[in-house]
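Everything below concerns the one structure shown next.
What follows draws every value from the coordinates through simple rules; no lab data is involved. The structure presented is a predicted model; accordingly, all values stated were derived computationally and were not measured. Counting neighbours? That spans all protein chains shown, and the Cβs are built from the backbone with ideal geometry, glycine included.
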């Protein structure tokens, strides 16, 4: 029988979550038992990256509107997601080097370095580096999204706008800067941050949550590099990447350097 005109099939758990499509999206290229785990973990990472981008978009809107309560709640959600992202490495580390090697060649040129969403996330948080675009065709969605993210205000730019709207004397040169350029530490901004912490009000809470976010991202990078080292050692990564050597070079790069620099002034 066909559905009566104007009616659709009843919504179910499976149809609402598109589970048929989601559960068919794992397509191992070998018969090795552990390849499914590898695929599932990385697909889940991409889903969390998607959610974090969604939350950071809300965070920036909330900051620029001066909405501290929603900014705080959103930051706490992002931090909780980031903890889950880091914890997933524990699951991946249950796979031994030999188990990974058993299907590694099937990955061919694919590599986690090609994650467009993670590069977009870095751009939203402040990274301005044209080299991030190298793995993507100029006509690709990833190239367009990363380029757009590197042209918009960063999370820290939105935070500065929030401070200005709260009455802090943030110089116009920073509020109206060229957002396509990399932010560098600024002493006049650090003087504002010293006052923010001295006031010990809502803006200082937001500032500390941003420090937590920066620290959480650095923790993710550290856990990631150690996972790669214990799995493939010093070998080159898939797709010709430098593997652990590259990842080590990304450690301890603060996204919000002024929030760290000001610590010695408090």
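Worth pointing out:
- Crossing angle, helix 68-92 versus the chain [Cα axis fit, 0-90 degrees, rounded to tens]: 40 degrees
- Full extension of the chain between residue 16 and residue 61 yields a length gain of 13.4 nm, computed as 0.36 nm times the residue separation minus the alpha carbon distance.
- Centroid-to-centroid separation of region 14-75 and region 205-219 [C-alpha atoms, Å]: 20 Å
- For region 14-115, alpha-carbon Rg over 2.2 N^0.38 Å: 1.37
- Legend: ranking of residues 91, 78 from fewest to most surrounding C-beta atoms inside 10 Å; resulting order 91, 78.
- Cα-based helix-to-principal-axis angle, 35-64 vs the chain, degrees rounded to 10: 30 degrees
- Cα-based helix-to-principal-axis angle, 202-232 vs the chain, degrees rounded to 10: 40 degrees
- Among 174, 54, sorting on how many other beta-carbon atoms sit within 10 Å of each Cβ, with the fewest leading, yields 54, 174.
- Stretched out straight at 0.36 nm per residue, the stretch from residue 230 to residue 251 would grow longer than its current Cα-Cα span by 5.9 nm.
- The chain, relative contact order in percent, only Cα pairs under 8 angstrom and at least six apart counted: 22 percent
- Spherically averaged projected area in nm², based on the convex hull that wraps the Cα atoms of the chain: 18.8 nm²
- Region 67-162 shape via C-alpha gyration tensor axes, a/c threshold 1.5: oblate
- For 137, 188, 258, order by how many other beta-carbon atoms lie within 10 Å, fewest first: 137, 188, 258
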